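What follows is a short report on a single structure.
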């Protein structure tokens, strides 16, 4: 294990030295930094335009029913019968487990309302699901239909989600325009939109289910991206101001490369160096 750690650290040190070598120009690969994300975004847009593909929306956005079970003694069997029952009817679902001091082992089953089925048929599927879980959950288990999320409420959630993200991006743009010059603000906004589009495209490509956790992760990513952007642009501005005071005008790519290398160290680049 020590030898493995040493080998990894040696490779890390070599990468670190090469990264900070003055001869290493990060900006020279700028076209590839632009082409690769554009390809990913293009594939995502194509898949989004296909009716049968698009976003893989979870229960939080499509509507559905929730079944909750508490005080379970046979958690694995309860989870298995729930999965089998919903798969039989071709219904998408999410199953989560928990352990509470008050209610013991618990199971939450969220399943979507399947198109083509009537309300009566969905109610029967729900009742059967509750009975199947009760049969294997163990003595004293409590199983019930806890909640129904309507499709209209889900549509409102989708709209509010995108509105909140759009308002956040606009507020960020105004702040950066105030803090830096106009071109920096536009560049920062393009970078933030790029981050959001790439993540959304990858989510579409790999069919990752979208729920509120995804929205929270997306907003977190925007915040971190903004933080890194401001730090980097601030370092570039300082370097340009310093060069101006010294009466020199270094090339833009040289200033950008130097700023990127310096700001990358603040979070411990490659895991070892601080």
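The values are calculated or read from the model by the stated rules, or taken from the named source; none is laboratory data. Note that this is a predicted model, so its numbers are computed, not measured. Backbone-built Cβ (ideal geometry, glycine too); neighbour counts: all protein chains shown.
Key figures for this structure:
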| item | result |
| --- | --- |
| Output for the stretch 112-130, where each listed residue is out of contact with any helix residue (DSSP H, G or I) (no Cβ under 8 Å at 6 or more places or on another chain), farther than 11 Å from residue 67 by Cβ and free of Cβ contacts under 8 Å to residues at least 40 places away in the same chain | 115, 116, 118, 119, 120, 121, 123, 124 |
| Residue tally, condition buried (at least 18 other Cβ atoms within 10 Å of the Cβ) and under 30 Å from residue 118 (Cβ atoms), over the stretch 40-54 | 0 |
| Output for the stretch 186-203, where each listed residue is modelled with pLDDT under 85 and over 15 Å from residue 222 (Cα atoms) | 186 |
| Which listed residue is at pLDDT 85 or above, exposed (fewer than 14 other Cβ atoms within 10 Å of the Cβ), under 26 Å from residue 60 (Cβ atoms) and assigned by TED's automatic domain parsing to the domain that holds residue 39, from 162, 206 | 206 |
| Filter result for residue 25 (in a loop (DSSP other than H, G, I, E, B), at pLDDT 75 or above and closer than 24 Å to residue 258 by Cα) | yes |
| Residue 138 farther than 23 Å from residue 89 by Cβ, surrounded by 13 or more Cβ atoms within 10 Å (Cβ to Cβ), at pLDDT 80 or above and outside the structural domain of residue 238 (by TED's automatic domain parsing) | yes |
| Residue list for the stretch 201-220, filter: part of a helix (DSSP H, G or I) and over 22 Å from residue 30 (Cα atoms) | 203, 204, 205, 212, 213, 214, 215, 216, 217, 218, 219, 220 |
| Qualifying residues in the stretch 101-117 (those that are modelled with pLDDT of 85 or more and under 25 Å from residue 62 (Cβ atoms)) - the one surrounded by the fewest Cβ atoms within 10 Å (Cβ to Cβ) | 108 |
| Residue 170 vs. criteria farther than 23 Å from residue 257 by Cα and either in a helix (DSSP H, G or I) or touching a residue at least 12 places away in the same chain (Cβ under 8 Å) (or both) | yes |
| Counted residues, the stretch 101-145 - those being outside any helix (DSSP H, G or I), closer than 22 Å to residue 211 by Cβ and in contact with a strand residue (DSSP E or B) (Cβ under 7 Å, 6 or more places away or on another chain) | 9 |
| Filter result for the condition that a residue is modelled with pLDDT of 85 or more, more than 16 Å from residue 130 (Cα to Cα), surrounded by fewer than 14 Cβ atoms within 10 Å (Cβ to Cβ) and not assigned by TED's automatic domain parsing to the domain that holds residue 261, over 11, 98, 87 | 98 |
| Lone unmet requirement of (1) touching a helix residue (DSSP H, G or I) at 6+ places or on another chain (Cβ under 7 Å); (2) within 17 Å of residue 41 (Cβ to Cβ) for residue 208 | (1) |
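Residue-wise test of (1) under 20 Å from residue 209 (Cα atoms); (2) touching a residue at least 12 places away in the same chain (Cβ under 8 Å); (3) more than 22 Å from the chain's Cα centre (by Cα); (4) assigned to a loop (DSSP other than H, G, I, E, B).
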| position | (1), (2), (3), (4) |
| --- | --- |
| 41 | yes, yes, no, no |
| 67 | yes, yes, yes, no |
| 71 | no, yes, yes, no |
| 87 | yes, no, yes, no |
| 96 | yes, yes, no, no |
